[in-house]
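Since every read-out is calculated from the coordinates, none of them should be taken as a lab result. Keep in mind it's a predicted model, so treat the numbers as computed, not measured. Cβ placement follows ideal geometry from the backbone for every residue including glycine, while neighbour counts extend to all protein chains displayed.
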Amino acid sequence: MKNHEVAEILSKIAKALALKDENFFKIRAYSRAARAIKDLPEDIEEISKKESLTNIPGVGEGIAKKVKEYLETGKMSKYEEVTRDIPKSLLTLLDIRDLGSKTLGALHKELGVENLDDLKKVIEDNSFQKLEGLGDKSVEKIMENIKVYEKRMGKEHRFLIGEVMATVDQIMKKLKEVDLVSRVAPAGSYRRMKETVGDLDILVESNDNRKVMKKFTAFSEVKKVLESGETKTSVVVEGLDIQMDLRVVPKESFGAALMYFTGSKDHNVRIRSLALKRGLKVNEYGVFRNDTMVAGKTEEEIYKFLNLQFIPPEIREDRGEVEKAMEGQLPKLLGYGDIKGNLHTHTRYSDGENTIRELVKKSIEFGYSYLGISDHSKTASYANGLSVNDLKKQCDEIDKLNKEFDKIRILKGIECDILPDGSLDYDENILKSLDFVIGAIHSNFKKKVTQRMEKALENPYLTILAHPTGRLISKREGYDVDLGSVLDKASKEGKILEINAYYDRLDLDEHNAREAYKKGIKLMINTDAHNLRMFDWMILGIGIARRAWLPSSAIVNTLTLKDFLKAIKRNG
DNA sequence: GCCGTTTTCGGCCCGACTGTTTTCAGTCG
């Protein structure tokens, strides 16, 4: 899959053109094509072979030809051409905050800056400051940002959404307590439930901007204030070192601002162009016809005014949702309150932090009607996997708890290792005695993963296949698995595939979940929880399903207890 | 360079904040 490298090369062309002060729209066209290809769910080589690259929105005849050239020869002459007189080390300097193409272009042209060392040199010898429009403050800012840049050395750092959730909740809670604040909402990729976020956007409804900004910048969670104006304040959050932008807007504009800052950028551009064609202007303050505001209080009002169905934040990516909304053909997505139970949980029996009783109580509080316990199996010694005796003891405890609690049904299960030969980790008799069996690969990643998974799927006692690709976001690529083949097998055997909602897995991801759904495979969102934060992780899993455009009917654990038990009934 | 509810040319989303400036350019989102 060459999507990423093609996107990278197009993005570099965009940067190089920007440094040369080329036509702004041409630059944007390359950037847009790069992003579209990066986010593409399918393999670009497949698209190139089977259909036309111009089917990708943002890719026209020109770029298609260049991409094709690259796919066939491994080279792109346009790239060679535009970077001939621009060193690659210069392009990466654009990742330094507040150092844009105009300034860097001038530095290159006037002072011959080619890399980070050159940049530092011209700052030290004061030649930087002599360029037009640059003074002491600019230099100071850039110097500060160079330090940040060096720390992460050009890598684009993104935070896992699960890492930032607690902080976002806490800061929002404090904002709600500020006087004259009537509403607080997250926006940006956080609201769109992307698996990672680059920064955080928070929106506040208030008529006293100054007071809110003053209170906010004084929060103990704020490490540093980057900028602070009437409507916008940017800070760095203590601990995480993530940037947070706070916007304060009046009531009549809240919907417009929420929509605008939720994005995605492509979605917004789409909406605004659409509005323009209808003689309307959309900005973060509202929808305007000849300077008269005609909508803006809520997002619902705005979409309605534009003659569109309401588009849920999770699918605002300009991947066809605007067209569907125009035709009134958007699917009704899985709702955050639709889930009735969770099967993948760990307790103190293996590597979890809580007792079964604690998980049960919390699940009842949450209104769930079933909870499955699935600790690790005996081979998973690193995770304190259960011996046959431990497992029997656990089952006895579950029997007792089921008698004690009548609001919820506790199900006996196991997260059973799929061994190198594709067999499961306990004897048939043990597996038979359980309510469900989750099969999972935890070791020997290089050993015939596809065959092992498929053999496990043939096992009559296996109920669910856990984290099917094994990826850990931004840490590990995942198993060397032919997922298409595994999906076909799961479909044939009628087995359930897991959407593992644990925040560093989110596996299946939105694209693969969509593929599985299209093949008619039953899916289940599981938290893989090791503590009581399982309900946070469940939200992330639901977010993935929504981003994959899945309706509630695609997800097994939206079923009532009775129907759910029917659905997990195994063949054997 | 892309694209079409003014469709093969002529547009292309829009505004806030900052710094260096007396009106604006650069950067960011």
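Based only on the alpha carbon positions, what is the Kirkwood hydrodynamic radius of region A:457-525, in angstrom? Mind dumping the intermediate values first?
Working: mean 1/r = 0.0831 Å⁻¹.
Computed over region A:457-525, the radius equals 12.0 Å.
In region A:33-78, which GluC sites (Glu not before Pro) are in a loop and have at most 11 other Cβ atoms within 10 Å, using DSSP for the loop call? Present the calculation step by step, with values, prior to reporting the outcome.
Details: sites: A:Glu42, A:Glu45, A:Glu46, A:Glu51, A:Glu61, A:Glu69, A:Glu72; in loops: A:Glu42, A:Glu51.
Passing both the DSSP loop test and the Cβ count: A:Glu51.
Centre-to-centre separation between the Cα atoms of region A:173-187 and those of region A:48-68: 46 Å.
Could you state the angle between the C-alpha long axis of helix A:61-73 and the longest principal axis of the C-alpha atoms of chain A, as a value from 0 to 90 degrees rounded to the nearest 10? Relative to chain A, helix A:61-73 is tipped by roughly 60 degrees. Only lysines eight or more places from A:Lys130 in sequence, or on another chain, were considered; those with a Cα closer than 19 Å are A:Lys102, A:Lys109, A:Lys120, A:Lys121, A:Lys141.
Residue-wise HN-Hα couplings along region A:159-164, as the Karplus relation 6.51 cos²θ - 1.76 cosθ + 1.60 with θ = phi - 60° gives them from phi, are 9, 5, 4, x, 6, 9 Hz; Gly and Pro carry x. Here chain A is treated with +1 on each Lys and Arg Cβ and -1 on each Asp and Glu Cβ, and its dipole about the Cα centre works out to around 1000 debye. Here region A:71-106 is scanned for amide nitrogen atoms under 13 Å from the site 7 Å beyond the Cα of A:Glu5 along Cα-to-Cβ, giving A:71-76.
Please go through the residue pairs A:Lys176/A:Lys361; A:Lys20/A:Lys65; A:Lys448/A:Lys569; A:Lys378/A:Lys412 and name each one whose alpha carbons sit more than 19 Å apart in this structure.
On the way: A:Lys176/A:Lys361 29 Å; A:Lys20/A:Lys65 23 Å; A:Lys448/A:Lys569 28 Å; A:Lys378/A:Lys412 16 Å.
Violating the 19 Å limit, Cα to Cα: A:Lys176/A:Lys361; A:Lys20/A:Lys65; A:Lys448/A:Lys569.
Phi angles across region A:223-237 convert, under the Karplus curve 6.51 cos²θ - 1.76 cosθ + 1.60 with θ = phi - 60°, into 3J(HN,Hα) values of 8, 7, 9, 7, 7, 8, x, 5, 10, 9, 10, 10, 9, 9, 7 Hz, Gly and Pro given as x.
Please tell me the relative contact order of chain A in percent, rounded to the nearest whole number, where contacts are Cα pairs under 8 Å and at least six residues apart. Mind dumping the intermediate values first?
Values: 991 pairs, mean separation 50.5, N = 572.
Here the relative contact order equals 9 percent.
Annotation: amide H-H contacts under 5 Å for A:Arg409 (H modelled 1.01 Å from N, sequence separation of 5 or more, or interchain): A:Tyr370, A:Leu371.
Going by average Cβ density within 10 Å per residue, which order do the peptides A:213-222, A:240-249, A:398-407 take, highest to lowest? Numbers along the way, then the final one.
On the way: A:213-222: 15.4, A:240-249: 20.5, A:398-407: 12.6.
By packing density, highest mean first, the sequence is A:240-249, A:213-222, A:398-407.
Shape analysis of region A:351-395 places it in the prolate category; the axes a ≥ b ≥ c from the Cα gyration tensor give an a/c of at least 1.5, with a/b above b/c.
The largest-to-smallest principal axis extents of the Cα set in region A:388-536 are 44, 34, 29 Å.
In chain A, the DSSP beta bridges split such that about 50 percent are antiparallel, to the nearest 5. For chain A, the longest principal axis of the Cα atoms and the long axis of helix A:449-458 meet at an angle of about 40 degrees.
For region A:377-386, backbone phi angles converted through the Karplus equation (6.51, -1.76, 1.60; θ = phi - 60°) give residue-by-residue couplings of 8, 4, 5, 6, 5, 4, 10, 6, x, 7 Hz, Gly and Pro being listed as x. Please compare each pair in A:Lys12/A:Lys137; A:Lys38/A:Lys194; A:Lys340/A:Lys522; A:Lys194/A:Lys362; A:Lys492/A:Lys519 to a cut-off of 18 Å on the Cα-Cα distance and tell me which ones are over it. With Cα atoms farther than 18 Å apart: A:Lys12/A:Lys137; A:Lys194/A:Lys362.
Starting from the Cα gyration tensor of region A:243-324, take the square roots of the eigenvalues, sort them a ≥ b ≥ c, and report rounded, prolate or oblate (rounded when a/c is under 1.5, otherwise prolate if a/b is larger than b/c, else oblate). It is oblate, given that a/c is not under 1.5 and a/b is not larger than b/c.
Of A:Leu565, A:Leu333, the sequence from fewest to most neighbouring Cβ atoms within 10 angstrom is A:Leu565, A:Leu333. When the Cα centres of region A:233-267 and region A:468-484 are compared, how far apart do they sit, in Å? Going from one Cα centre to the other spans 33 Å. Would you be so kind as to identify which of A:Leu371, A:Asn402, A:Ser381 lies farthest towards the positive end of the dipole of region A:326-411, taking Lys and Arg as +1 and Asp and Glu as -1 on Cβ and the Cα centre as origin? Ranked along the dipole, the leading option is A:Asn402.
If packing is taken as the mean number of other Cβ atoms within 10 Å per residue, what is the order of A:554-563, A:251-260, highest first?
Ranked from most to least packed, the peptides come out as A:251-260, A:554-563.
Amide H contacts of A:Val222 (H built 1.01 Å from N, in plane; Pro and chain starts excluded): A:Glu238 sit under 5 Å, all sequence-distant by 5 or more or on other chains. When peptides A:417-424, A:452-459 are sorted by average Cβ neighbour count within 10 Å, with the highest value leading, the order is A:452-459, A:417-424.
The Cβ shell under 9 Å around A:Ala185 holds other residues with a net charge of +1, Lys and Arg each +1, Asp and Glu each -1.
Within 15 Å, Cβ to Cβ, of A:Ser48, how many net charges do the neighbouring residues add up to if Lys/Arg are +1 and Asp/Glu are -1? All intermediate terms of the calculation are to be shown ahead of the outcome.
Numbers: positive: A:Lys2, A:Lys49, A:Lys50, A:Lys65, A:Lys66, A:Lys68; negative: A:Glu5, A:Glu42, A:Asp43, A:Glu45, A:Glu46, A:Glu51, A:Glu61, A:Glu69, A:Glu72.
Neighbour charge sum, excluding A:Ser48 itself: -3.
Between the amide H of A:Asn283 and those of A:Phe288, distances stay under 5 Å, these residues lying 5 or more places away or on another chain, with hydrogens modeled in the peptide plane. Simple spin-label estimate for A:Asn115 and A:Lys137 gives 3.4 nm between the two label positions (7 Å along the Cα-to-Cβ direction from each Cα).
Between beta-carbons, use under 12 Å as the cut-off and find the net charge around A:Phe445, counting Lys and Arg +1, Asp and Glu -1. Write out the running numbers ahead of the final one.
Numbers: positive: A:Lys446, A:Lys447, A:Lys448, A:Arg452, A:Arg471, A:Arg476; negative: A:Glu477, A:Asp480.
Neighbourhood net charge equals +4.
For the pair A:Glu238 and A:Thr298, what calculated FRET efficiency results from E = 1/(1 + (r/R0)^6), where r is the Cβ-Cβ distance and R0 = 30 Å, to the nearest 0.05?
Working: r = 33 Å, r/R0 = 1.11.
Here the calculated transfer efficiency is 0.35.
In chain A, the ratio of gyration radius to Kirkwood radius, Rg to Rh, stands at 1.00 when only Cα atoms are counted.
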